[in-house]
Amino acid sequence: MKDNTNAENAVSTNTVKIAARDVQVYYGDNHAIKDVNVDIEDKTVTAFIGPSGCGKSTFLRCINRMNDTIDVCRVQGDIRIDGEDIYDRAVDPVQLRAKVGMVFQKPNPFPKSIYDNVAYGPRIHGLARNKAELDEIVESALRRGAIWNEVKDRLNAPGTGLSGGQQQRLCIARAVATEPEVLLMDEPCSALDPIATAQVEELIDELRQNYSVVIVTHSMQQAARVSQKTAFFHLGNLVEFGETDKIFTAPEDERTESYITGRIG
Amino acid sequence: MTELFNSISTPVLILAVLALAVLGYLTIRARAIASGGGDARVLHSLPSYYGYNAAMFIAVPALLVLALWLLIQPMLVQNAVIDTLPAESIAEGASVNLLMSDVRRVADGLETLVAQGVMTTRETLTLDTKTTDLRAVLADVGVAVGAQIEAPVLAAAQKYRNLSTTADAWRTAIVLVLALGGFALAFRMTAPSFRARNAVEAGIKAVLIIAASLAILTTVGIVLSMLFESINFFRLHDWRDFFLGSSWAPNFRGDSNLSILPLLWGTLYISFIALLVAVPIGLFAAIYLSEYAGPKVRAVAKPLLEILAGIPTIVYGLFALLTVGPFLVSVFGRGDNGMLGVDWMSGATSVLTAGLVMGIMLIPFVSSLSDDIINAVPQSMRDGSFGLGATHSETVRQVILPAALPGIVGAILLAASRAIGETMIVVLGAGAIARISGNPFEAMTTITTRIVSQLTGDTDFASPETLVAFALGLTLFVLTLGLNVLALYIVRKYREQYE
């Protein structure tokens, strides 16, 4: 199931990118996330697995403060990126989200051209000084999204006209275009067919060269294929966190074992 | 026999048919159960479906024929009677219609005489204007007739009453026969294998189709009636003057200037100012309500905004005339006594007055429709934009509004067609002077106000000054219809952009 052993060796030398301490999340009266402590490393793919409703997506959305847009949601505890508390008053969530990109479950290209979709982030953050630079940013983002060859001749075509897999890779390119440090992916392949999934997974593995990638997935095979670290969530608790190989071959907690062998979930 | 059928009045007839339908329901239902040997499970349909089917067979054809007959009979009878009226009795200056109303009145009087037992039917047929003072006789039973009754009128009235009575009798007979025939048919059809459920289904479908086509036919009827009167108008007035002339000056001695252009200009100018007010305010209100307002604010503010849409337009007209107009005069008029010290505006009625108030009226149209459209933009669009580090207003401006634009354009076009067709606000707020001018402080007039003024008061439906109203109305109709079609086309074309 796992073939990138070289990458695995590199993992131990990486520094901690995201550190979460005693994170609690409430939706109104519902205590959705309980006492989550986790250290997510740089240049690593970390997978969050667990049954539906276990809080893995909620925790993911805490990392770029997307939960701020939900009125009833409250977050307590400490999440630090590069040692900086992202829930500090001084931190602007809008700036934070430029640094922590996100790819969603369903491909959500804007109803604009492919070019404008990718240029959206660089434009609002003023990353390009002129049109030529913007063109360069767009091209390199589309290349990193592994979709450049398919769309280079129709950059002005609407992004909504692409196939599902292409749309999702466009969304990844769009997220990459703002030069984020962390890339959050919320079940990025759940709406895709196996071929598109394979393409996106390959892409995730390449993205690891530059970013810390956190991926929520329902597919344990996918977690095993793409990630170096895996966190298992159950009923709002982080049950177990460790090397992906270890989680899938010798889990310490019996709930983890039950889940990965298919007895619960 | 005729006497017997005539003793049944129309309401009684309707009740009889309905009673027969109820009876049919009960009988056939019982028969259906009996035909299944007391076991409803062997029947194709539930027993009540057999009953409903019977009631339908009894009541629907009978009542339909009754309704049509009631509509058509007076026309046929009248046509038959008009032919018998001698030409000289019409030539006295009165129209045929006036004479016919006399005839109908006398016929009604004769009917009353018979009903009250003053005369028998046979006696009314032998009446003679020379021997009987019919006017006095009728006055005794409470029927007032205007003038002395002439012999031809009496003869016509007698014929009218005769024809009506015969037709009434036939009508009652045929309606009853249809009802009973329906009963018999339903009775024969009742067997376990008869698919009563499907028959009732077809009946219900027919009712729905009739309801839908009535709405459409009414529209067609309205257009046709406008069209025929407009054709009459263009027979009397040159179409080139109507569409291309530049002056509106109706003159009841004839030879009027009846050109639509000054009115069209006023209409479009006022509508333009109204949209200038309504579109930004309505759109921004919609953006605030759908994007920024919390659920509590939204729950209060949205109904409050929509109250604006419920205010009768005449109230807006009063607001224009009594509040906005004088306020505008105090700002832009009165020379040195005014707020700005200018003398641009002399009267309260002006393009600006009507436009501003109409704009206020249109705010809820724009905001309510735009609000729905903005809400229909999927949340994933917002998430995607926020996830890239966009602020809320950047998201609204660059993602949500472009996505919602077709719908918003549709909303604006619908508001525009409301503005063009609006009447009461412009009647009270815009003034009555037809002119083509760019000055918004001047009074101007619109197509709708001119239609009102051409058709109120004593009207003669043979003069171009009156008939022009229909040509104006038709033009207005084509204009708003075009806008609506365009709006619907745009909305529909882009609606399915997101599943």
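Output the residues belonging to the stretch B:376-398 that are more than 7 Å from chain A (Cβ to nearest Cβ) and assigned to a loop (DSSP other than H, G, I, E, B). Correct list: B:Val377, B:Pro378. More than 14 Å from chain A (Cβ to nearest Cβ), among the small types (Gly, Ala, Ser), closer than 30 Å to A:Ala98 by Cβ and touching a residue at least 40 places away in the same chain (Cβ under 8 Å), is that true of B:Ser350? So B:Ser350 fails the test. Residues of the stretch B:399-415 that are over 16 Å from B:Val357 (Cβ atoms), crowded, with 24+ Cβ neighbours inside 10 Å and more than 14 Å from chain A (Cβ to nearest Cβ): B:Gly410, B:Ala411. Scanning the stretch B:420-448 for residues being under 25 Å from B:Ser330 (Cβ atoms) and in a helix (DSSP H, G or I) gives a total of 6. Every test in (1) in contact with a strand residue (DSSP E or B) (Cβ under 7 Å, 6 or more places away or on another chain); (2) assigned to a helix (DSSP H, G or I) is passed by B:Ser417 save one, and that test is (1). If you go through the stretch B:319-340 and keep only what is touching a helix residue (DSSP H, G or I) at 6+ places or on another chain (Cβ under 7 Å) and more than 22 Å from B:Ile281 (Cα to Cα), you end up with B:Leu321, B:Gly338, B:Met339, B:Leu340. For the stretch B:235-264, a residue qualifies if it is of a type in the set (A, V, I, L, M, F, W, C) and surrounded by fewer than 16 Cβ atoms within 10 Å (Cβ to Cβ), and the qualifying residues are B:Leu236, B:Trp239, B:Phe243, B:Leu244, B:Ala249, B:Phe252.
Okay, residues lined up against (1) part of a helix (DSSP H, G or I); (2) of a type in the set (A, V, I, L, M); (3) surrounded by 13 or more Cβ atoms within 10 Å (Cβ to Cβ):
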position	(1), (2), (3)
B:Tyr160	yes, no, yes
B:Leu163	yes, yes, yes
B:Asp168	yes, no, yes
B:Leu180	yes, yes, yes
B:Ile210	yes, yes, no
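Within the stretch B:98-129, the set of residues being hydroxyl-bearing (Ser, Thr, Tyr) and surrounded by fewer than 18 Cβ atoms within 10 Å (Cβ to Cβ) comprises B:Ser101, B:Thr112, B:Thr120, B:Thr121, B:Thr126, B:Thr129. Looking across the stretch A:176-204, the residues that are among the small types (Gly, Ala, Ser) and either within 26 Å of A:Asp82 (Cα to Cα) or within 14 Å of chain B (Cβ to nearest Cβ) (or both) come down to A:Ala177, A:Ser190, A:Ala191.
Scanning the stretch A:60-84 for residues that are without any contact (Cβ under 8 Å) to a residue 60 or more places away in the chain, outside any loop (DSSP other than H, G, I, E, B) and within 13 Å of chain B (Cβ to nearest Cβ) yields a total of 4.
Just so you know, in the stretch A:99-137 the residues that are within 25 Å of A:Thr197 (Cβ to Cβ) and among the β-branched types (Val, Ile, Thr) include one that is surrounded by the most Cβ atoms within 10 Å (Cβ to Cβ), and it is A:Val118. Kindly evaluate B:Val200 against the criterion of being assigned to a helix (DSSP H, G or I) and touching a residue at least 24 places away in the same chain (Cβ under 8 Å). So B:Val200 fits the description; yes.
Where a number appears in this text, it was derived from the coordinates with a stated rule and is not lab data. It should be emphasised that the depicted structure is a prediction, and the values quoted were computed from it without experimental measurement. Because the Cβ atoms are built from the backbone with ideal geometry, glycine has one as well, and the counts that use them run over all protein chains shown.
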